[in-house]
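The values are calculated or read from the model by the stated rules, or taken from the named source; none is laboratory data. Computed from a predicted model, the values in this text were never measured in an experiment. Note that each Cβ is placed from the backbone with ideal geometry, even for glycine, and that neighbours are counted across all protein chains shown.
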């Protein structure tokens, strides 16, 4: 009797969420794997033709897809470096004993709250007309020209905007790590005659190791999945030079109507993300044991 | 010497912070300039404050309606997420059996799935549900809210799960002996104790749902249902060349975010730090 009553409560508390979760995430996930083995244009009346592993094999011959994978890797490496250097530098600045540190922290985090789409539009103006106007008035036309029209610079521009968005976020995480380092370690080092740089390199950085892991992989996963900034800043242009992984999938499915093939890309995307994230968890756990 | 060094530090910190926010300055000043002034010097302060571009962007973006739409979707989604995930997480922690473990592990594992992997089959499936049961899952705010709950469930369950594990069971057992129902125990005793996690969950979800573009763009096709990121996107499709109008529109979309930030900045920074470390 009591057991049955407990079961009823269990169901009452969990079933509503589980029902939503299963219909929104679990079922579409498996349906998606199913679709990836078919050729289909997305129109319900049209037949789905079984294609076996053809979609997956064709992926690797798809030059545009491979190019987008390459852009994503290039972008991710650059973004990883710039986001973390800037984030760490900000964190070190705002933990200093300066009186304005708190206000600065608040200001530096702000871009992160503005959605990627809107950030991209603000910067689109700066990189296109803003830069052109600055170049014309100051004469530095070799630096200040419309970055978004140059394939290489457009990718740099995307890195810059992403850095602007994420640096404040990483700052907060580094901040939490820095505040966790006990002050007496620094005092002991000072007594021993350690200088500022020595303290930074020999004490702060080694003790921040767990933080580095979290930040590196958070920025890794986020830059790998970039979509909104990509869409509003360059739309993948010029000439697809900045089309990233996520946008390529979106275009394949909803732009060209290759639902089955696009879904195969989406499944591959999942596998790549899963491998990256699981590696992260593995490394983080390993470090935790050592600490 | 030390004093001047400190002053130098203060000043350079402000310079860095303000330089970092210079894009916002550029957006703001150019929202007041006419075309000629904008192109002659994009960096200077506007010669006069005219709000004509604001009023015209307000109309063209249908700003008040889209703002209401965004508010409705965000607030209702977040309330449902908090209520449903906290209840589920509590039951999963307190009922220690294989089923609970399996459900929890499933939630955690699905955090690996990027949205792009689910978007197409999700649209197909929601369309199927809608047609079968004659409810509008697509092109309705309620359908979007339903999907928001599903997508944000994992992270919230994970955060609550971690926190509830640290609460001693003794309190609940005493209440059970007193004859309280599970429902009363949860809402009267447990839920108030979960406040720190609830704040974190709310903030993380408000930010991500308010700014979400892709999911609403796939589900909402009627013009009147658009949320702020959506209407910004369509607004830009039409008025890219008129930068002053565009900058006024962007400034308006940022104002609610800045107000939200001003009021909850302390919690946001704490919440982000805690959310990330886990």
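In region B:29-38, how many residues are part of a helix (DSSP H, G or I) and within 12 Å of residue A:125 (Cβ to Cβ)?
Residues in region B:29-38 being part of a helix (DSSP H, G or I) and within 12 Å of residue A:125 (Cβ to Cβ): 3 in total.
Just one of A:266, A:239 is crowded, with 22+ Cβ neighbours inside 10 Å and farther than 30 Å from residue A:89 by Cβ; which is it?
It is A:266.
Within region A:184-228, how many residues turn out to be within 29 Å of residue A:247 (Cβ to Cβ) and more than 21 Å from the chain's Cα centre (by Cα)?
So the count comes out to 0.
Within region B:79-137, can you find the residues that are within 9 Å of chain A (Cβ to nearest Cβ), outside any helix (DSSP H, G or I) and surrounded by fewer than 18 Cβ atoms within 10 Å (Cβ to Cβ)?
The answer is B:95, B:111.
Restricted to region B:217-243, and to residues that are more than 10 Å from chain A (Cβ to nearest Cβ) and within 22 Å of residue B:52 (Cα to Cα), which residue is surrounded by the most Cβ atoms within 10 Å (Cβ to Cβ)?
For region B:217-243, the residue satisfying everything is B:231.
For region A:30-42, enumerate the residues that are facing chain B (nearest Cβ under 7 Å) and crowded, with 19+ Cβ neighbours inside 10 Å.
Listed by number, the residues that qualify are A:32, A:35.
If you check A:227, A:217, A:254, which single one turns out to be free of Cβ contacts under 8 Å to residues at least 12 places away in the same chain, farther than 19 Å from residue A:147 by Cβ and surrounded by fewer than 24 Cβ atoms within 10 Å (Cβ to Cβ)?
A:254
Examine region A:146-160 for a residue that is facing chain B (nearest Cβ under 8 Å), part of a helix (DSSP H, G or I) and modelled with pLDDT under 90, and state whether such a residue exists.
Checked against the condition, which is being facing chain B (nearest Cβ under 8 Å), part of a helix (DSSP H, G or I) and modelled with pLDDT under 90, region A:146-160 yields no hits at all.
Please determine whether any residue of region A:66-82 is modelled with pLDDT of 90 or more and farther than 16 Å from residue A:159 by Cα.
Looking through region A:66-82, at least one residue is modelled with pLDDT of 90 or more and farther than 16 Å from residue A:159 by Cα.
I want to confirm something. Restricting to region A:8-25 and keeping residues that are buried (at least 16 other Cβ atoms within 10 Å of the Cβ) and farther than 11 Å from residue B:88 by Cβ, which single residue is nearest to the other protein chains (Cβ to nearest Cβ)?
That would be A:24.
Could you count how many residues in region A:111-135 are surrounded by fewer than 19 Cβ atoms within 10 Å (Cβ to Cβ) and either at the interface with chain B (Cβ under 7 Å from one of its Cβ atoms) or not in a helix (DSSP H, G or I) (or both)?
Counting residues in region A:111-135 that are surrounded by fewer than 19 Cβ atoms within 10 Å (Cβ to Cβ) and either at the interface with chain B (Cβ under 7 Å from one of its Cβ atoms) or not in a helix (DSSP H, G or I) (or both) gives 2.
Find all pairs meeting these conditions: Cβ atoms under 8 angstrom apart; at least six residues apart or on different chains; first residue within region B:199-216 and more than 8 Å from every other protein chain (Cβ to nearest Cβ) and closer than 13 Å to residue A:112 by Cβ; second residue at pLDDT 90 or above and not in a helix (DSSP H, G or I).
none
Please go through region B:247-263 and pick out each residue that is in contact (Cβ under 8 Å) with a residue 12 or more places away in the chain and facing chain A (nearest Cβ under 10 Å).
The answer is B:247, B:249, B:250, B:251, B:253, B:254, B:257, B:260.
Just name the residue that is nearest to residue A:86 (Cα to Cα) out of those in region B:30-55 that are modelled with pLDDT of 80 or more and within 11 Å of chain A (Cβ to nearest Cβ).
B:30
Could you tell me which of the residues B:183, B:125, B:102, B:133 is touching a helix residue (DSSP H, G or I) at 6+ places or on another chain (Cβ under 7 Å) and either closer than 26 Å to residue A:245 by Cβ or without any contact (Cβ under 8 Å) to a residue 60 or more places away in the chain (or both)?
One residue alone meets the criteria, B:125.
Given the options A:69, A:79, A:51, name the one that is under 19 Å from residue A:269 (Cβ atoms), more than 13 Å from every other protein chain (Cβ to nearest Cβ), crowded, with 16+ Cβ neighbours inside 10 Å and in contact with a strand residue (DSSP E or B) (Cβ under 9 Å, 6 or more places away or on another chain).
Result of the check over A:69, A:79, A:51: A:51.
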